[in-house]
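> To start, I am sharing the structure in question, which I have written as structure tokens.
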Amino acid sequence: MKLHSWKRLLMIFLALALFAAACGNDDDDGGAAPDDGGVVEEGNGAEGGEVVGNSLVGVCPDPLIVQTDWFPEPEHGFTYQLIGPDGTLDAENGIYSGPLLDTGITMEIRAGGPYVGFSPPSAQIYADESIFMGYASTSEAIQNSEALPLVGVMTFFDVGPQILMWDPEQYSFETFEDIRDSDASVLYFEGGAYMDFFLGEGILDEGQIDASYDGSPTRFITEDGIVQQGFATNEPWRYENEIEGWQKPVDFLLINDAGFPNYQSALSVKPESLTEDRACLEAIVPMFQQASIDYLATPEPMNVRLNEIVTDLNSFWTSSEESHAAGTQAMLDLGLVTDGDNGYLGDFDEARVQRMIDIMLPIYIERGDDNVDPDIVPSDIYTNEFLNTSISLGS
């Protein structure tokens with residue numbers, strides 16, 4: 001639900017709002033910097049744009065604004081962790097803010113969805129110059145590489161959580177091709193990049209896909225023969241435990257396992273920030289890495305606060321402490337958040353990014369998408385240069 005062009009997103013999520021859909025830790029100081037001091041180092045003074053001690057005053061924007069892609073949920077927990085549970089909520093505008101650790105600056109986290117007119121973060125970053133960072137998946141970065149270029153500087157998810165799910169009492173699928181060869185209708189949000197890949201590769205048949213999914217569980221509950229998209233961090237637990245009219249297990253396959261290695265909701269900036277805001281990125285990116293470790297190690301305080309925020313927002317989106325806890329556990333149990341092949345958290349793999357370019361670029365060019373750069377290469381849409389290689393889930 002977070003991977004589409006903004007025009008399609010607007011139409012889809014307006015429908016979602018009408019149906020009140022179901023999907024889609026903090027240490028005492030609000031999150032600690034790495035013990036090896038890799039987050040901030042001594043410099044020659046903030047006036048020169050360098051880090052002094054832990055201070056980011058004069059180094060990073062104040063407030064440092066991060067645009068997310070939806071309501072607060074465990075997928076965003078690592079970002080909220082940098083403020084911790086004691087932040088302040090502006091419920092009208094979906095903004096959560098507070099001190100960024102002990103850096104001397106304020107951090108502001110903005111909810112997506114209805115709070116930005118269902119516009120994706122990539123569009124918001126270019127519409128509002130005060131936004132420093134936002135979430136953007138690799139597929140989105142490729143699609144908008146000419147018009148709204150962004151560079152990923154850290155990925156929380158090593159494996160994307162997007163899934164296709166079904167009733168195991170009706171079907172027993174081992175592969176996506178098994179879904180293709182069944183009588184199932186595949187219900188999905190129109191514009192999903194993975195579906196273009198599935199059809200192009202013959203993994204699914206065009207005659208069986210149904211782009212009318214609006215986020216509501218109604219059709220999955222009431223109709224036979226439905227396979228539906230979702231997130232491994234959300235739907236499986238909620239359908240089994242919370243969705244009225246179902247409350248039994250679902251089974252699923254990860255989209256990633258079809259050979260679609262999309263980096264989901266990577267933390268991204270404008271290309272010019274790599275030079276203009278280098279000192280800030282050198283300091284802040286490892287903070288996000290460490291916040292990821294802290295959140296996953298002790299998720300409950302931030303998960304409880306995330307649920308309180310959703311409740312206080314008082315919108316169509318709902319959550320629970322239990323669903324947040326289950327979502328965080330699924331990240332670890334399913335290997336969605338890992339150290340990757342390099343042994344540290346947050347890095348991109350060049351071969352995977354090239355694979356995504358090889359998949360998506362011909363699709364976007366063939367349909368005449370003017371937003372895409374036909375000459376894009378992996379280094380245009382990601383960099384690992386600001387990551388601290390000592391920050392690891394295994395450490």
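The values are calculated or read from the model by the stated rules, or taken from the named source; none is laboratory data. Owing to the predicted nature of the structure, the values given are computational and were not obtained by experimental measurement. Cβ atoms come from the backbone with ideal geometry, glycine included; neighbour counts cover every protein chain shown. Note: areas computed on protein heavy atoms with side chains; ligands, DNA, RNA excluded. Shrake-Rupley method; radii C 1.70, N 1.55, O 1.52, S 1.80 Å.
> Based on the alpha-carbon gyration tensor of the range 185-308 and its eigenvalue square roots a ≥ b ≥ c, which shape applies: rounded if a/c is under 1.5, prolate if not and a/b is larger than b/c, or oblate?
oblate
> At a temperature of 4 °C and a viscosity of 1.567 mPa s, determine how fast the range 80-133 diffuses translationally according to Stokes-Einstein, using the Kirkwood radius over alpha-carbon pairs as Rh; express D in µm²/s, rounded to the nearest whole number.
108
> Right, next: Return the loop-located trypsin sites (Lys or Arg not before Pro) in the range 301-395 (DSSP other than H, G, I, E, B) with at most 15 other Cβ atoms within 10 Å of their own Cβ; answer none if there are none.
Passing sites in the range 301-395 are 367.
> When DSSP assigns beta bridges and you keep just the ones with both residues in the chain, what percent turn out antiparallel, to the nearest 5?
65
> Still on this structure, please answer the following. Does the range 123-254 classify as rounded, prolate or oblate by the C-alpha gyration tensor (a ≥ b ≥ c root eigenvalues; a/c under 1.5 gives rounded; else a/b over b/c gives prolate, otherwise oblate)?
It comes out prolate by the Cα gyration axes.
> Indicate the gyration tensor shape class of the range 181-222 (rounded, prolate or oblate), computed on the Cα atoms with a ≥ b ≥ c the square roots of the eigenvalues: a/c under 1.5 is rounded; otherwise a/b larger than b/c is prolate and the rest oblate.
Here the range 181-222 falls in the oblate category.
> Can you give the Kirkwood hydrodynamic radius of the range 200-262 from its Cα pairs, in Å with one decimal?
Over the range 200-262, the inverse of the mean reciprocal pair distance is 13.3 Å.
> Another one. Scaled to the compact-protein estimate 2.2 N^0.38 Å, what is the alpha-carbon radius of gyration of the chain, rounded to two decimal places?
Scaled against compact globular proteins, the figure is 0.95.
> Percent of accessible area on the range 158-266 owned by carbon and sulfur, 1.4 Å probe?
38
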